[in-house]
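Nothing in this text is a laboratory measurement; each read-out follows from the coordinates by a stated rule. Every value quoted in this text rests on a predicted model; they were computed, and no experiment measured them. With ideal geometry, Cβ positions are generated from the backbone for all residues, glycine too; neighbour counts draw on all protein chains shown.
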Amino acid sequence: MTLKKELTSFDLTSIVVGSIVGADIYIASALTAGLLGPAAILVWVVAGICATIIALVFAYCSYYVPRVGGPFAYVSEAFDDFYGFLTGWSIWIAEILSLPVFAIAFVQYLQYFVSLEFYQQIIIKGLFLFTLTYVNIRGVKAAGRINDILTIVKLAPLLLIIILGIGFFTIHPQTLSSNYLPFAPLGFGNFGVALVLIFWAYVGFEMGTLPASEVRNPRKTIPKAIITGMIIVTIFYLLTNFVVYGLLNWTTLETTKVPLVLTGITLLGTAGAVIMAIGALVSVSGSDESGTLGTARLSYAMSIDGLFPKLFSKEHPKYRTPYTALLVQGIIAFSLSIFSGLSDLISFSVFNLAFAFLLTCLALLVLGKRNKLKKLFGQRILPVVGIVICLYLISMFLIGATPLFIKVIGIIVIALGIPLYVFFSPKTDIHHLKALFLSEETIFMRQFQRTDRFLAHFLKHLHRVYQKIKSKKEKQ
């Protein structure tokens with residue numbers, strides 16, 4: 001296969017969008033209703049701005065360090081392998097924590113169709129997680145036509161909500177005003193706690209930054225694509241939540257586990273609920289499948305770099321996939337899905353991400369000075385603002401409503417990376433695996449596949465239609 005060697009702004013924008021938008025919107029809409037009321041819509045705006053700033057930091061880091069490993073690679077280059085390990089360790093923990101979130105959400109939406117006892121929920125969570133683990137071990141990829149169908153199933157319900165919801169408000173404006181007023185019935189005291197939960201919905205940009213050697217005119221293209229992609233995601237999130245908060249009173253939203261099912265009922269009755277529930281089940285499955293593979297790649301990368309036990313770099317003799325890494329994270333995710341709740345898992349995940357992002361922002365300051373490249377827009381101020389954002393997210397986890405036990409565990413888990421690095425990690429590279437995994441071709445292949453995810457795939461089709469129309473006009 002001949003690889004495309006020059007990514008355009010549109011290519012990179014698609015990758016950014018595809019790396020972020022998944023099943024989060026099916027989960028996060030109701031989590032903050034009981035914290036701020038309708039004013040939670042503002043949190044989606046602020047979270048989008050914060051995520052965009054940190055995404056640009058990642059983009060610039062990828063320009064200086066165009067190799068796999070993401071923040072692990074950036075921080076290692078700027079400082080040393082110890083800090084790189086702590087960064088990779090925190091990201092790995094955060095990604096592990098996100099896997100059971102989707103298993104829990106899957107069960108919640110499944111219960112619209114069938115009521116499940118506690119032991120039945122455990123069985124379903126296990127089947128959900130280990131089926132995805134098995135699929136990833138086999139390395140099975142859906143054919144393009146099947147992927148198109150799944151993309152429509154995931155995206156169509158949300159687009160339907162946006163279109164029908166806005167139409168509904170033009171006919172019944174009193175519903176919109178009654179549900180949005182008072183706008184902040186609970187005040188803004190819980191804004192920081194809500195920001196931690198909503199920020200999680202924007203996470204994924206750290207997986208979407210490509211090696212700069214593949215990008216055409218990276219100094220201009222990378223910032224432009226990151227900003228454009230984040231604007232698209234933010235608008236998509238805002239429109240969906242604008243409709244959800246306008247159709248349902250916040251007192252109803254705070255008590256439900258399936259906000260988009262209630263939204264579907266309001267718009268289309270039982271048929272709307274079924275559409276939303278099916279869309280959620282497919283989307284949640286797709287997001288967790290992608291997260292499963294991405295998390296295994298990170299532990300695999302750290303293992304072949306000599307910073308994780310060799311166990312994580314073992315490949316299946318037939319399928320050539322990191323099967324031990326996949327099995328370990330599957331077992332951890334299943335255990336967490338039984339004993340933890342959505343809000344605690346998300347807060348814990350964002351805490352670990354904020355710590356890794358903090359080190360990444362510091363890394364950009366060092367990399368920028370070392371390379372003395374001053375033409376990247378905002379290179380000096382963005383990492384400083386990013387540091388402030390990360391410290392704020394960390395402080396909100398530590399002083400917010402998260403249970404004390406979760407806070408203590410969060411600190412212990414990050415600190416646990418120190419003895420793991422000192423005592424348990426092998427200190428020699430597994431050279432033949434590392435060379436294969438870090439090759440430019442495999443990096444490009446893994447990252448470019450993200451253009452087929454969810455909203456990004458939809459954007460690709462729109463772009464093709466636009467190009468055809470443009471071409472016809474030029475011929476005329």
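For this structure, a couple of remarks:
- Segment residue 473-residue 174, extension gain: residue separation times 0.36 nm, minus the distance between their alpha carbons: 103.2 nm
- In nm, spacing of pseudo-spin labels at residue 398 and residue 224 (7 Å Cα→C-beta vector): 4.1 nm
- 30 Å Cα-Cα threshold exceeded, pairs from 257/407; 257/314; 125/318: 257/314
- Trypsin sites (Lys or Arg not before Pro) restricted to region 262-363 and DSSP loop, no more than 14 other C-beta within 10 Å: 318, 320
- Fewest-first sequence of 270, 32, 8 by Cβ atoms within 10 Å of each Cβ: 270, 8, 32
- FRET efficiency for the pair residue 46 and residue 318, taken as 1/(1 + (r/R0)^6) with r the Cβ-Cβ distance and R0 = 51 Å, rounds to 0.60.
- Ranking of 77, 315, 95 by neighbouring Cβ atoms within 10 Å, starting from the fewest: 315, 77, 95.
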